[in-house]
Structure formats: structure tokens, C-alpha cells
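Enquirer: One structure, pasted below without further comment.
The values are calculated or read from the model by the stated rules, or taken from the named source; none is laboratory data. Nothing here was measured: the structure is a model prediction, and the numbers come from that model. Don't worry about glycine lacking a Cβ; one is built from the backbone with ideal geometry, like all the others, and counts go over all protein chains shown.
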Amino acid sequence: MSTTGDADPTETSDRIDALRAIQKPRGLDHTHVNLSESDEEVLDVLRDLRRHGVDMPTVGQYLPPRAGNLPVERYVAPAQFDALARHAQAMGFAHTACGPLAR
């Protein structure tokens, strides 16, 4: 996504197609979405992933790996992860791992 908040549909589609190309040969059907994005941005990404054939996304809390990395913009409550899992299930994903430490 761009820093202005406006996603370039071509860029997003290209990125998702690249993820699919990497995932399929290894037999994987999942990806990870960090939650420094807004809830609506996460739902948009989940919709895009579903539309591109991803079956099992993981949605986890961004945690900086070491000092000097991007700071956490917000901590997401467990209930919000549960809500995202319900949305993902309604979108038709086979399984969704949603939680602060989901990887």
C-alpha cells in the first residue's frame, strides 16, 4: 500500500500474484498480514487474498524484531483478532490463524 493510504490496484495485484507464485510450488496456501494497518485495510487485504486463491491467511500483531525497527502503531485486542477471524471465515477461507502471536 502506498504511504498516502491509496492502494495501487496493479501494484497490489502484482504483489499477490508474486505471493501465489512463491506459495504454490511449496504447497503453501497462506500468508501473513501485520496489523499496523487499519481494520479496513486488513479486511481489504483479506478480500484480495481470497480473490487470488489464498486459502489460509495468518493475521498477527506486528512486533519489532529489535530496537531501531518500525515502532508498533497499535496493539490489537484479542477480541479484535476474533472478529477478523469471523470475517475471514465468512469470506470463505479454509482456515485463518488470527492472534497476537500468529505467524
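Enquirer: Return the total of residues in region 84-100 being of a type in the set (A, V, I, L, M), in contact with an Asp or Glu (Cβ under 9 Å, 6 or more places away or on another chain) and surrounded by 14 or more Cβ atoms within 10 Å (Cβ to Cβ).
Expert: 1
Enquirer: Residues in region 27-85 that are at positive phi and modelled with pLDDT of 85 or more: how many?
Expert: Selection size over region 27-85: 2.
Enquirer: Output the residues belonging to region 64-101 that are touching a residue at least 12 places away in the same chain (Cβ under 8 Å), part of a loop (DSSP other than H, G, I, E, B) and not aromatic (Phe, Trp, Tyr).
Expert: Answer for region 64-101, where residues must be touching a residue at least 12 places away in the same chain (Cβ under 8 Å), part of a loop (DSSP other than H, G, I, E, B) and not aromatic (Phe, Trp, Tyr): Leu70, Val72, Glu73, Arg74, Val76, Gly92, Ala94, His95, Thr96, Pro100, Leu101.
Enquirer: Filter region 62-83 for residues that are more than 15 Å from Leu43 (Cα to Cα) and either of a type in the set (A, V, I, L, M, F, W, C) or surrounded by 15 or more Cβ atoms within 10 Å (Cβ to Cβ) (or both) and give the result.
Expert: Those that are more than 15 Å from Leu43 (Cα to Cα) and either of a type in the set (A, V, I, L, M, F, W, C) or surrounded by 15 or more Cβ atoms within 10 Å (Cβ to Cβ) (or both): Tyr62, Leu63, Ala67, Leu70, Val72, Ala77, Ala79.
Enquirer: For region 33-63, which residues satisfy the criterion of being part of a loop (DSSP other than H, G, I, E, B) and among the polar types (S, T, N, Q)?
Expert: Within region 33-63, Ser36, Ser38, Gln61 qualify.
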